[in-house]
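Structure first, commentary second.
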Amino acid sequence: MKKILKTILDFIFPIECIHCNQAGEFLCTDCLNKIEIRNKLQCPLCNKEQATENLCLSCQKKSSLDNIIIAANYDNEILQKAIHYFKYKYVKDLHISLSKIMIKKLSNIQLPNNINIIPTPLHKKRELERGFNQSELLAKQLNIPIINNVLWRKKNIQHQADLNKKQRLNNIKDCFRIDNIHLIQNSNILLIDDVITTGATLSEQAKLLKKNNARIVWALVIAKNNKK
């Protein structure tokens with residue numbers, strides 16, 4: 001029945017690329033290939049130029065994350081549009097194209113051994129409104145084991161994108177809770193999210209995971225928005 005309904009909807013509302021309007025996919029191969037993988041030798045948080053893409057020593061002291069992997073450059077017009085359609089126009093199928101960008105970036109990254117994914121959780125109310133958790137959809141495409149039922153949002157907070165750095169820190173504080181602690185004991189964790197700005201949301205998750213004996217916590221995002 002679902003396949004029949006999808007066929008009918010595709011006929012009435014044909015799928016086309018959000019950028020060039022080519023029929024067949026929400027992000028065609030040509031447009032996807034115009035999104036360059038980020039290879040900047042700078043700290044992923046403060047943008048300080050250095051010899052690696054890892055967190056600089058200063059940011060390591062400020063953040064609970066051990067490292068952040070940024071897959072692509074947010075200033076790419078096609079990527080910005082794809083993320084906007086994915087998150088705010090609820091074009092769920094875009095997770096397939098967007099995850100390909102993350103996979104391509106990971107092909108050049110040496111992850112910690114035996115790492116497991118935890119997608120950034122949404123509050124139940126927001127997930128119900130959207131119809132899906134975008135981080136979970138991305139995570140399922142990465143061919144890395146996923147640990148579910150560990151992190152939860154206990155507060156439905158204001159969108160972080162609407163706030164400045166100080167407000168983001170206050171907004172996200174004590175936002176998460178943790179269950180099934182045994183699943184993360186002495187584990188290496190890769191947090192997944194779509195976009196990072198100040199890193200407050202991911203750092204808050206990492207802080208809670210490490211407080212409950214996770215060993216190493218990295219993060220992987222599609223892009224970084226340098227808006228403050």
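The values are calculated or read from the model by the stated rules, or taken from the named source; none is laboratory data. Keep in mind that this is a model prediction, so the values were computed, not measured. All Cβ positions, even for glycine, are placed from backbone atoms using ideal geometry, and neighbour counts span all protein chains on display.
Find the helices (runs of 4 or more DSSP H) located wholly in the range 89-169 whose residues include 3 or more that are of a type outside the set (Asp, Glu), over 15 Å from Val195 (Cβ atoms) and at pLDDT 90 or above, and list them. Result: 94-106. Residues that are closer than 18 Å to Leu191 by Cα and surrounded by fewer than 17 Cβ atoms within 10 Å (Cβ to Cβ): does the range 61-83 have at least one? Checked against the condition, which is being closer than 18 Å to Leu191 by Cα and surrounded by fewer than 17 Cβ atoms within 10 Å (Cβ to Cβ), the range 61-83 yields at least one hit.
Would you confirm, using the coordinates I've provided, whether Cys46 is assigned to a loop (DSSP other than H, G, I, E, B), out of contact with any Asp or Glu (no Cβ under 7 Å at 6 or more places or on another chain), in the same structural domain as Ala200 (by TED's automatic domain parsing) and closer than 19 Å to Thr197 by Cβ? Criteria met by Cys46.
Kindly check whether there is at least one residue in the range 208-216 that is closer than 26 Å to Ala82 by Cα and small (Gly, Ala, Ser). No - not one qualifying residue is present in the range 208-216.
In this structure, Lys61 does satisfy being in a helix (DSSP H, G or I), closer than 28 Å to Ala214 by Cα, modelled with pLDDT under 95 and assigned by TED's automatic domain parsing to the domain that holds Gln141.
Exactly one residue out of Ala214, Ala219 is touching a strand residue (DSSP E or B) at 6+ places or on another chain (Cβ under 9 Å), at pLDDT 90 or above and in a loop (DSSP other than H, G, I, E, B): that is Ala214. Scanning the range 21-38 for residues that are surrounded by fewer than 17 Cβ atoms within 10 Å (Cβ to Cβ) and closer than 17 Å to Ile196 by Cβ yields one hit, Ile37. Pairs meeting the criteria (first residue in the range 77-104 and over 22 Å from Gly131 (Cβ atoms) and not assigned by TED's automatic domain parsing to the domain that holds Arg126, second residue buried (at least 16 other Cβ atoms within 10 Å of the Cβ) and of a type in the set (D, E, K, R), beta carbons under 8 Å, at least 6 apart or on different chains) are lacking.
Annotation: of all residues in the range 71-83 being out of contact with any Asp or Glu (no Cβ under 8 Å at 6 or more places or on another chain) and modelled with pLDDT of 95 or more, the one that is farthest from Ile18 (Cα to Cα) is Ala71. Is it true that Tyr74 is more than 25 Å from Ala214 (Cβ to Cβ), of a type outside the set (Val, Ile, Thr) and touching a strand residue (DSSP E or B) at 6+ places or on another chain (Cβ under 9 Å)? Spelling it out, Tyr74 is indeed more than 25 Å from Ala214 (Cβ to Cβ), of a type outside the set (Val, Ile, Thr) and touching a strand residue (DSSP E or B) at 6+ places or on another chain (Cβ under 9 Å).
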